[in-house]
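Below you'll find the structure, written out as structure tokens, and then a few comments.
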Amino acid sequence: MKVNTLAEWIQQSQNIVFFGGAGTSTESGIPDFRSAAGLYQSEEKLPYSPEVMLSRSFFVKHPEVFFDFYRSKMLHPDAKPNGCHHFLASLEKQGRLKAVVTQNIDGLHQAAGSRNVLELHGSVHRNYCMECGRFYGLNEVMNSSEVVPKCPVDGGIIKPDVVLYEEELNQDTLIQSIQAISQADLLLIGGTSLTVHPAAGLITYFHGKHTVLLNTDPTSYDHKADLLITEPIGKVMEKLAHQLGL
């Protein structure tokens with residue numbers, strides 16, 4: 001069984017890195033952004049593509065539409081970590097998992113107890129005033145009486161600290177992610193189509209023993225993985241946790 005092989009590799013590894021995307025959180029009830037955008041478009045009858053609505057230029061030109069979409073479809077404050085998040089947090093406590101590199105912005109890895117989480121695309125839990133730079137939590141954005149949340153100090157727009165299309169990734173996070181992946185002996189890739197760049201290109205820095213791809217849909221990287229598992233990632237991780245006594 002593939003899960004048995006993966007369990008063996010985990011036991012043999014001392015420097016594991018997990019690289020994950022939207023599929024990591026779908027079992028927690030968070031849809032990937034393209035699905036969320038499609039739902040929003042059909043409800044609002046808007047002609048914009050997901051990539052356009054989540055772009056910097058759209059945010060600047062149409063902040064009301066951006067925040068309406070962002071609040072109604074991108075924020076899931078009641079979502080709870082699933083088996084995948086909990087398993088990775090347990091592996092980190094054991095000292096085997098050195099880093100989680102994630103494209104997600106939901107904070108569920110931290111909610112499960114993971115400490116070294118490298119958020120390539122930022123987090124909904126951090127928001128800042130574009131005028132004075134003051135930081136605000138998720139509540140200020142969720143509970144704002146205005147569609148576009150404003151800083152109570154100077155009236156500047158409070159922007160989510162998430163990387164929009166047309167924006168660059170945080171260089172420090174990028175460098176730390178490259179270092180973590182290049183030093184790993186086992187790379188677990190989960191819940192990502194490996195199509196969003198530059199994030200997807202980070203896996204090319206891995207030179208360790210085994211690459212494991214856990215994804216329900218095919219990717220262009222399937223033929224390069226040492227092990228390919230197509231079951232839902234949360235369920236796979238729960239089986240692993242049971243097998244490894246975590």
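The values are calculated or read from the model by the stated rules, or taken from the named source; none is laboratory data. Values in this document were obtained by computation on a predicted structure and should not be read as measured data. So basically every Cβ, Gly included, is an ideal-geometry build from the backbone, and we count neighbours across all protein chains shown. Protein only, heavy atoms only, side chains kept; ligands, DNA and RNA dropped before computing areas. Shrake-Rupley method; radii C 1.70, N 1.55, O 1.52, S 1.80 Å.
Okay, here's what the table says:
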read-out	value
All positions within region 27-40 that are at negative phi and either hydrophobic (A, V, I, L, M, F, W, C) or surrounded by fewer than 17 Cβ atoms within 10 Å (Cβ to Cβ) (or both)	Ile30, Pro31, Phe33, Arg34, Ser35, Ala36, Ala37, Gly38, Leu39
Scan of region 80-94 for residues that are open to solvent by less than 20 Å² (accessible area, probe 1.4 Å) and out of contact with any Asp or Glu (no Cβ under 6 Å at 6 or more places or on another chain), ordered by number	Cys84, His85, Phe87, Leu88, Ala89, Leu91
Of all residues in region 176-230 being in a strand (DSSP E or B) and open to solvent by 40 Å² or more (accessible area, probe 1.4 Å), the one that is farthest from Val101 (Cα to Cα)	Leu228
Number of positions in region 103-158 that are of a type in the set (Val, Ile, Thr) and farther than 15 Å from Tyr70 by Cβ	2
Some residue of region 188-197 being closer than 26 Å to Arg34 by Cβ and touching a Pro at 6+ places or on another chain (Cβ under 7 Å)	no
Helices (runs of 4 or more DSSP H) completely within region 49-162 that count 2 or more residues being touching a Leu at 6+ places or on another chain (Cβ under 6 Å) and within 30 Å of Asn15 (Cα to Cα)	83-94
Any hit, region 10-17, residues being closer than 22 Å to Leu214 by Cβ, open to solvent by 10 Å² or more (accessible area, probe 1.4 Å), part of a helix (DSSP H, G or I) and in contact with a helix residue (DSSP H, G or I) (Cβ under 8 Å, 6 or more places away or on another chain)	yes
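Residues checked against (1) closer than 23 Å to Lys61 by Cβ; (2) exposed (fewer than 15 other Cβ atoms within 10 Å of the Cβ):
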{"site": "Ala99", "(1), (2)": "no, no"}
{"site": "Asn104", "(1), (2)": "no, no"}
{"site": "Val117", "(1), (2)": "no, no"}
{"site": "Gly122", "(1), (2)": "yes, no"}
{"site": "Asn139", "(1), (2)": "no, yes"}
{"site": "Asp161", "(1), (2)": "yes, no"}
{"site": "Glu166", "(1), (2)": "yes, yes"}
{"site": "Thr173", "(1), (2)": "no, no"}
